[in-house]
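The values are calculated or read from the model by the stated rules, or taken from the named source; none is laboratory data. The shown structure was predicted, so the numbers you read here are calculated from the model rather than taken from an experiment. Here the Cβ positions follow ideal geometry from the backbone for every residue, glycine too, while neighbour counts run over all protein chains shown. Note: areas computed on protein heavy atoms with side chains; ligands, DNA, RNA excluded. Shrake-Rupley method; radii C 1.70, N 1.55, O 1.52, S 1.80 Å.
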Amino acid sequence: MLSPTKEVSVRSPFPFYRRAEIVELFSTYLSWNMGRPAGWIADAQLQLSIEHSLSRLAQADASRRFWVLYWHRIWQDDQTVGAEARRLAARHLCAYLQEACYRAARRASTRFTSTRFEVFDLFQIGMLKCDRVLRGFQPERGDSLDNYATSVFHSIIGEALRQHQEADISSPWALLRRVTQRFLSASLGQVPYDARTIRCYVLAWICFRELYCPAPRRDSARLADPDSATWQSVCALYHRESIGQGLAAGPPPTPQLIEQWLRQCAVAVRAALVPDVRSLGGAPGDGTALDRLETLPVVQQPSEFERLIAQEQEQEREALHERLNALLGEAIIQVQAQADRDLLQLYYQGGTTQSEIGERFGIRQWTVHRRLKRLKAQLLEQLAPRCAQVLHRPLSLALLEAIGTVLEEWLQAYHGDRCE
Amino acid sequence: MDSNDLWLEISEVGREAARQRAEPLGAPAAVWRAYLGSLALAGVQDWLCEAGCVARIWPGEAALPSFWPWVAGTALAVGERRLLVVAGEASMADELRVPQEWIDIPGWAADYYLAAQVEPEAGAVQLWGFISHRHLKEVAVYDAQCRQYCLLAGNLVREVACLPAALHLELAEPTRAPLAALPTVPLGQARQLLARLGDPALPMPQWTVPFGLWGALIAHGGWRQKLYELRLGLPEQRSVPDWIQAGVSPLGELAGWRRWRLRAEPGGTRARGRPRGGPPVGMLLTRRLRIAGADYELQLQPVESPHGNVWRFELQAAEVGEPVPPGFVLRLLAEDLQGFANNEDSAEQPVERLYVEVAVDLGDTLTWEIEPEPEGFDREILRLA
């Protein structure tokens with residue numbers, strides 16, 4: 001077999017070369033050296049695939065946005081294209097999202113208060129959940145994948161860091177109070193239990209959660225074992241509800257059984273909370289199945305109409321950016337207090353954590369965080385009506401959100417995010 | 001501590017206040033929900049205030065204890081809009097679950113739903129996303145077991161800094177989805193339901209009746225309150241004759257009712273005041289209300305009448321000499337909100353007072369309402385005989 005990877009020369013000084021060509025954008029992965037990004041590794045299969053697609057589609061000059069939408073469409077399409085094509089699309093998008101994830105990981109590493117992970121680990125955590133970015137991305141709302149992905153990766157990483165803290169909670173009962181139903185179901189599915197068992201366990205957990213609550217004064221992280229009366233009432237409620245849910249079969253459950261189920265839930269949650277992130281290093285893209293590329297199902301081309309729409313959205317987004325940049329320039333000057341301006345400057349030029357800013361200003365980190373948020377909300381409120389006016393668009397929640405995203409980017413650019 | 005999420009700190013004072021608000025609720029689940037809800041509320045109210053939004057608890061502080069035993073979430077009135085703060089303790093912000101009551105009861109539905117994750121030990125609240133009612137109805141998945149609408153994190157607007165603008169500014173899109181009306185519950189059925197569901201030994205009583213029925217029951221402020229009282233095992237709290245004889249009950253006082261002794265004035269008119277030696281000729285109950293930016297007083301007193309047991313409800317401005325403006329209506333309704341003959345008085349032009357007199361039989365209950373609706377209005381059922 002051919003060597004599946006090849007190094008792409010690093011064309012600019014550290015941190016790393018920003019990819020620009022369509023081929024490299026959709027076929028290369030970030031390579032790491034000593035926990036730092038070292039360059040780009042091309043995945044041969046992806047490279048062939050994108051070159052193939054470029055030559056096959058007439059719009060070889062299409063923008064990166066076109067290709068993002070193109071692969072995203074294929075990835076979403078579970079009707080007409082096969083699983084193989086969808087996997088391929090996902091890998092192309094994964095390659096594309098490397099920078100966004102790196103940016104999020106870098107920000108998280110400088111801004112989360114405590115972390116035992118390095119940028120590389122955080123990057124891996126983010127990339128593992130790449131599908132969440134793809135699922136949530138809504139191109140029809142005019143979002144840019146880059147912005148959206150950066151913010152989602154950032155939350156994913158933040159959540160993972162918090163989850164690692166959660167896993168340290170010793171009491172299984174406290175742990176069970178801190179999970180969402182969704183996470184519990186997914187954890188049980190990973191064990192794996194069958195669908196019916198999961199439904200029973202989840203129902204038992206719902207009953208438990210309703211009936212066994214900490215008292216406000218107690219330390220809920222060290223929630224003690226429920227007493228037998230509690231187990232009995234949980235069991236009785238479970239029994240009543242399981243009949244309504246069609247889950248009752250055989251003899252009624254005993255309190256002991258319910259307790260055992262819940263202990264198993266806690267074990268499953270704990271296992272799901274701490275996946276071994278560090279063992280997942282190395283370049284993604286397995287490089288196998290290269291020969292299958294030629295037999296890939298022909299994926300539907302976006303129609304000319306859709307392409308136009310995509311272009312139009314792209315233009316609109318750019319228009320939004322341009323107009324906003326001008327408006328923001330004015331708005332930022334109106335932030336009167338010098339202290340507020342200094343705060344924005346320090347924070348958005350990067351590298352300074354909120355607690356460091358707090359020390360410098362002689363205020364607490366909480367206050368810094370809150371003040372930053374308030375300033376952002378103020379700017380947003382000032383800008384929104386004018387943006388809607390200038391863009392001739394009705395002021396909608398989606399527009400507010402878009403302005404919020406652009407604002408964040410703009411603040412970083414304005415204050416020179418040089419520390420990347 | 002970063003990303004789009006907003007972290008708020010709750011001071012020890014705030015935590016203590018939350019404990020005090022929660023502990024009287026009795027049942028551990030209600031206490032815990034109240035505690036989380038209060039912590040979230042403390043953070044959100046401060047933050048909104050800083051952002052220039054005046055947020056008032058809806059329908060009012062006094063009503064909160066009768067919400068928390070059944071549903072998580074606290075509603076805030078911000079100007080003309082309503083914001084529901086959904087407090088949860090799960091540390092993973094991967095889904096938001098909103099109780100169906102806050103979505104499908106027309107009188108309860110909010111404009112926006114805000115996800116708040118509470119860290120009770122750390123004294124922190126994280127706001128991690130919000131969504132409009134309309135969008136929620138479009139994208140949420142309904143969970144029939146828990147009667148909740150489930151949203152994936154990706155469905156929410158994650159930039160919480162957008163919320164003050166959304167509350168302040170006039171958006172071009174509607175925030176609420178249309179809702180179907182809930183069924184009407186006849187009085188007899190409501191009382192049966194209250195008796196059954198009011199048994200504190202029955203866990204999660206709301207799961208034992210279809211949602212429509214439950215929703216209709218709980219949507220009625222008086223019935224919601226009654227259910228809460230029954231589950232706590234409290235004695236009758238809303239008997240007006242008892243209030244007159246023995247003083248206003250604690251919950252009556254919480255609602256704002258006060259009792260006054262009336263004494264004869266030399267001029268023949270009756271004035272209110274503490275007894276000063278003169279023989280009391282009667283008792284008066286009053287409740288202060290704020291309507292359309294001004295203070296009013298609702299008065300309730302027994303009237304001597306050949307027609308038996310008659311009560312007089314009267315609305316007048318708190319400021320002596322101020323009229324009740326045109327458009328105001330004082331209306332009495334039966335407990336199940338049915339009207340009856342001569343049950344309302346309305347002001348066509350400025351009037352000194354609005355009043356309705358009603359003759360009652362043993363066991364009769366009534367509820368009152370006023371147009372425009374008083375601030376913090378929560379329907380109450382008064383037992384008049």
Scanning segment A:351-371 for residues that are assigned to a helix (DSSP H, G or I) and touching a residue at least 60 places away in the same chain (Cβ under 8 Å), the one farthest from A:Arg106 (Cα to Cα) turns out to be A:Gln365
Of the candidates B:Arg290, B:Arg331, the one satisfying the condition of being part of a strand (DSSP E or B) and more than 23 Å from B:Pro241 (Cα to Cα) is B:Arg290
Go through the residues of segment B:62-80 one by one and say whether even a single one is within 12 Å of chain A (Cβ to nearest Cβ) and under 27 Å from B:Glu170 (Cα atoms).
no
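Taking only segment B:137-164 into account, find how many residues are acidic (Asp, Glu) and open to solvent by 40 Å² or more (accessible area, probe 1.4 Å).
Quick first cut of segment B:137-164, residues acidic (Asp, Glu) only: B:138, B:143, B:159.
This time we only want the ones that are open to solvent by 40 Å² or more (accessible area, probe 1.4 Å), so: B:138.
Adding up the residues that qualify gives 1.
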- Message: Condition (residue is at negative phi and touching a Lys or Arg at 6+ places or on another chain (Cβ under 6 Å)) applied to segment A:99-106: is it met by at least one residue?
- Response: no
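Quick check on segment B:209-232. Is at least one of its residues over 22 Å from B:Ala30 (Cα atoms), in a loop (DSSP other than H, G, I, E, B) and in contact (Cβ under 8 Å) with a residue 60 or more places away in the chain?
no
Results for (1) acidic (Asp, Glu); (2) within 19 Å of B:Pro99 (Cα to Cα); (3) touching a strand residue (DSSP E or B) at 6+ places or on another chain (Cβ under 8 Å), shown as yes or no for each residue.
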| residue | (1), (2), (3) |
| --- | --- |
| B:Ile131 | no, yes, yes |
| B:Leu156 | no, yes, yes |
| B:Ala177 | no, yes, no |
| B:Arg191 | no, no, no |
| B:Leu194 | no, no, no |
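Report, by residue number, each residue of segment B:41-54 that is out of contact with any Gly (no Cβ under 9 Å at 6 or more places or on another chain), in contact (Cβ under 8 Å) with a residue 24 or more places away in the chain and not polar (S, T, N, Q). Before the answer, list the steps.
Going through segment B:41-54, the residues out of contact with any Gly (no Cβ under 9 Å at 6 or more places or on another chain) turn out to be B:41, B:44-45, B:47-52.
Checking the rest, the ones that are also in contact (Cβ under 8 Å) with a residue 24 or more places away in the chain come to B:41, B:44-45, B:47-48, B:51-52.
Answer for segment B:41-54, where residues must be out of contact with any Gly (no Cβ under 9 Å at 6 or more places or on another chain), in contact (Cβ under 8 Å) with a residue 24 or more places away in the chain and not polar (S, T, N, Q): B:Leu41, B:Val44, B:Trp47, B:Leu48, B:Ala51, B:Gly52.
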Whether any residue in segment B:319-327 is within 29 Å of B:Gln189 (Cβ to Cβ) and crowded, with 19+ Cβ neighbours inside 10 Å is what I want to check.
no
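So, in segment A:237-248, how many residues would count as being without any contact (Cβ under 8 Å) to a residue 12 or more places away in the chain and touching a helix residue (DSSP H, G or I) at 6+ places or on another chain (Cβ under 9 Å)? Before the answer, list the steps.
So in segment A:237-248, the residues without any contact (Cβ under 8 Å) to a residue 12 or more places away in the chain come out as A:240, A:243-244, A:246, A:248.
Filter again for touching a helix residue (DSSP H, G or I) at 6+ places or on another chain (Cβ under 9 Å), leaving A:240, A:244, A:248.
The total comes to 3.
To keep it simple, each residue is scored yes or no on (1) in contact (Cβ under 8 Å) with a residue 40 or more places away in the chain; (2) out of contact with any Phe, Trp or Tyr (no Cβ under 9 Å at 6 or more places or on another chain).
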residue: B:Glu348; (1), (2): no, yes
residue: B:Tyr355; (1), (2): yes, no
residue: B:Val358; (1), (2): yes, no
residue: B:Trp368; (1), (2): yes, no
residue: B:Phe377; (1), (2): yes, yes
residue: B:Glu380; (1), (2): yes, no
Filtering segment B:101-136 down to residues that are within 30 Å of A:Arg240 (Cβ to Cβ), open to solvent by 10 Å² or more (accessible area, probe 1.4 Å) and out of contact with any helix residue (DSSP H, G or I) (no Cβ under 7 Å at 6 or more places or on another chain) yields B:Pro106
Just to be sure before I move on: is B:Gln100 at pLDDT 90 or above, within 11 Å of chain A (Cβ to nearest Cβ) and in contact with a Lys or Arg (Cβ under 6 Å, 6 or more places away or on another chain) in the structure I sent?
no
Exercise. Can you find even one residue in segment B:335-342 that is within 27 Å of B:Ala219 (Cβ to Cβ), open to solvent by less than 40 Å² (accessible area, probe 1.4 Å) and not in a loop (DSSP other than H, G, I, E, B)?
Worked result: no
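Say we look at segment B:41-55 and pick out the residues that are in a helix (DSSP H, G or I) and open to solvent by 40 Å² or more (accessible area, probe 1.4 Å); which of these is farthest from the other protein chains (Cβ to nearest Cβ)?
Start the filter on segment B:41-55 by keeping residues that are in a helix (DSSP H, G or I), which leaves B:41-50.
This time we only want the ones that are open to solvent by 40 Å² or more (accessible area, probe 1.4 Å), so: B:45-46, B:49-50.
Details: B:Gln45: 14, B:Asp46: 9, B:Cys49: 11, B:Glu50: 6 Å.
For segment B:41-55, the residue satisfying everything is B:Gln45.
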When segment A:345-381 is checked residue by residue, the ones that are within 12 Å of chain B (Cβ to nearest Cβ), among the aromatic types (Phe, Trp, Tyr) and open to solvent by 50 Å² or more (accessible area, probe 1.4 Å) are A:Trp366
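Assess whether B:Val31 counts as being in contact with a Leu (Cβ under 7 Å, 6 or more places away or on another chain) and modelled with pLDDT of 95 or more.
no
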- Query: Restricting attention to segment A:128-145, does a residue exist that is modelled with pLDDT of 85 or more, of a type in the set (Gly, Ala, Ser), crowded, with 18+ Cβ neighbours inside 10 Å and not assigned by TED's automatic domain parsing to the domain that holds A:Leu407?
  - Reply: no
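Using the structure shown, decide if B:Asp5 is among the charged types (D, E, K, R) and closer than 12 Å to B:Gln126 by Cα.
On the way: among the charged types (D, E, K, R): yes; closer than 12 Å to B:Gln126 by Cα: yes.
Spelling it out, B:Asp5 is indeed among the charged types (D, E, K, R) and closer than 12 Å to B:Gln126 by Cα.
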Among the residues of segment B:29-40, the number that are more than 8 Å from every other protein chain (Cβ to nearest Cβ) and surrounded by fewer than 24 Cβ atoms within 10 Å (Cβ to Cβ) is 1
Handout entry: Any chance B:Leu202 is farther than 30 Å from A:Glu408 by Cβ, more than 9 Å from chain A (Cβ to nearest Cβ), free of Cβ contacts under 8 Å to residues at least 24 places away in the same chain and not in a helix (DSSP H, G or I)
Key = yes
